[in-house]
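Below: one structure, written as structure tokens.
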Amino acid sequence: MIKKTIFWIRDDLRLSDNGALDYACKNNHELLFLYIFDESSSIGAASKWFLHKALDSFRKDIKQRYNADLLIKSGKPKKILIEAVKKYDINSIVWNRVYEPEAIKRDIKIKEYFKQNNLEIKTFNSSLLFEPSKIQNLSKSYFKVFTPFWKKCLTQISQIQTPRKITESLHLVQINSRDGLDLKDLNLLPKNPDWSNNWDALYKVSEEEAHNLAEEFMNNRMLNYVGGRDFPATNNTSFLSPYLHFGLISAKQIYFKSMMFVGNAGLSHFLSEIGWREFSYHLLYHFKDLPTKNFKPKFDNFVWNSNQEDLEKWQKGMTGFPLIDAGMRQLWQTGWMHNRVRMVVASFLTKNLLIDWRIGQKWFWDCLVDADLAANSASWQWVAGSGADAAPYFRIFNPITQSQKFDPKGEYIRKWVPEIAHLSNKEIHLPVNRGEYPEAIIDLKFSRNRALAVYKNIS
């Protein structure tokens, strides 16, 4: 008997190396492609834009390959799945696991409900290299430091199965396209104003493009990754993060592509970035409050500032510190920011301005096309000093010395802060003749000493 199966699509918008889809195809299931926009999700505005494009591309791919429709719904997943099971006489549901705490709780309840009602439920890891629960330290507990975590992962990485390209034909559950929504009905694109009007030129959003980006990076830029990744004016990063987050490419696919470049000087450093993503989900799985609570409890006594004016100047890229402002303007205009600059702007907010990391995290969540709950939370806490793997000392990035070191000719600053583009390579890092460019909102020496004093009081 051919089983009628719902493929519940989440952050896995690809047709290759897709565990749930692969299982259904190999077992000759009659399949219904279902995407549910969870009305309780808190996805940020920039990520919504990328999701819209990714869904549109996925819908076209399944139409071209399988002549299949994508059934789009919005609401509570359990309710919608129950309705779909009844309407289409469904025997089983397959999905790829996600690892955000609320999603895990939701999925457990859904799984239990349908198993009690004699439906077959199959779930798969198609997002991470390793299940967050499977990597353990010698004490059979979870890792709190990245380096030993990643070393343990590397001892097991040979066990990862080669990504499989799905070749089987597909049987389809016949659906009425009027049963679902049009993609535009999800209202994922910004309106009034449409601040994304140039993003189509920046991002080609498709499974094919994700693989093109990965291969182009590995062939042409990974060799310079070690020395070049910290320089924001150069094109030495992969730009894969939003594609990875929404599943247009998998971590496993990236890993196996990279194995063709063993001996490349940048390989281990690039893979460690994949490792940091794994570590972030490892932390989030074991410390479910990572997005909202200090990983180090002593930071609960840290005295934060609530200066709204300073916050708004930081958000708008009007702090008077050129590297900070360049990064914040790049974020607003493109939905992305160079990783080195992310660390510097986060340090400036939490250390120099003493504004709570959760406020910065919220802004990034709304503005980044690659906003990822695990990575965003872990990274902000790392910079703030409250997180796992934070330095034993209280790290404060100096935005002037950072720009002098990593943007020595001011190329990155000139691109995003054009009002000071005329200044010399020396002066552009801390302008004297500012013209229309604002004065610095705070004294670096004063703010550094203030932050150190606050930290000392909690240590």
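Read-outs: derived from the displayed coordinates by stated rules, not from any lab. Only a predicted model underlies this, so the values are computations on that prediction, with no experimental measurement involved. Note that we place each Cβ from the backbone using ideal geometry, even for glycine, and neighbour counts take in every protein chain shown.
Centre-to-centre separation between the Cα atoms of region 144-171 and those of region 1-39: 20 Å. Pair-distance distribution of region 1-126: all C-alpha pairs, bin width 5 Å, starting at 0; shares per bin in whole percent are 2, 10, 21, 25, 23, 13, 5, 1, 0. For region 221-317, the direction-averaged projected area of the alpha-carbon convex hull comes to 9.3 nm².
Shown for Phe270, Phe50: other C-beta atoms within 10 Å of each C-beta, ranked fewest to most, produce the order Phe270, Phe50. With the highest mean first, a sort of the peptides 372-383, 86-97, 305-316 on other beta-carbon atoms found within 10 angstrom per residue produces 372-383, 86-97, 305-316.
Students often get this wrong, so try it: which of [x] 20.0; [y] 23.4; [z] 29.4 is mean projected area of the Cα convex hull in nm² as calculated from the structure shown? Checked against the structure: label [y].
Counting 0.36 nm for each residue step from Tyr255 to Ile121 and taking away their Cα separation leaves a gain of 45.4 nm. One Cα centroid belongs to region 350-396, the other to region 208-233; the line between them spans 25 Å. Database remark: amide H of Asn305 closer than 5 angstrom to the amide H of Ile355, Asp356 (H placed geometrically; neighbours at sequence offset of 5 or more, or on other chains; Pro and chain starts carry no H). With 18 Å as the limit, the listed pairs Lys48/Lys362; Lys252/Lys288; Lys48/Lys165; Lys48/Lys204; Lys26/Lys78; Lys26/Lys79 have Lys252/Lys288; Lys48/Lys165; Lys26/Lys78; Lys26/Lys79 beyond it between alpha carbons.
Considering region 297-458, its Cα convex hull presents a mean projected area of 9.0 nm². Note on region 408-449: along the principal axes its Cα atoms extend 31, 22, 16 Å, ordered by decreasing extent.
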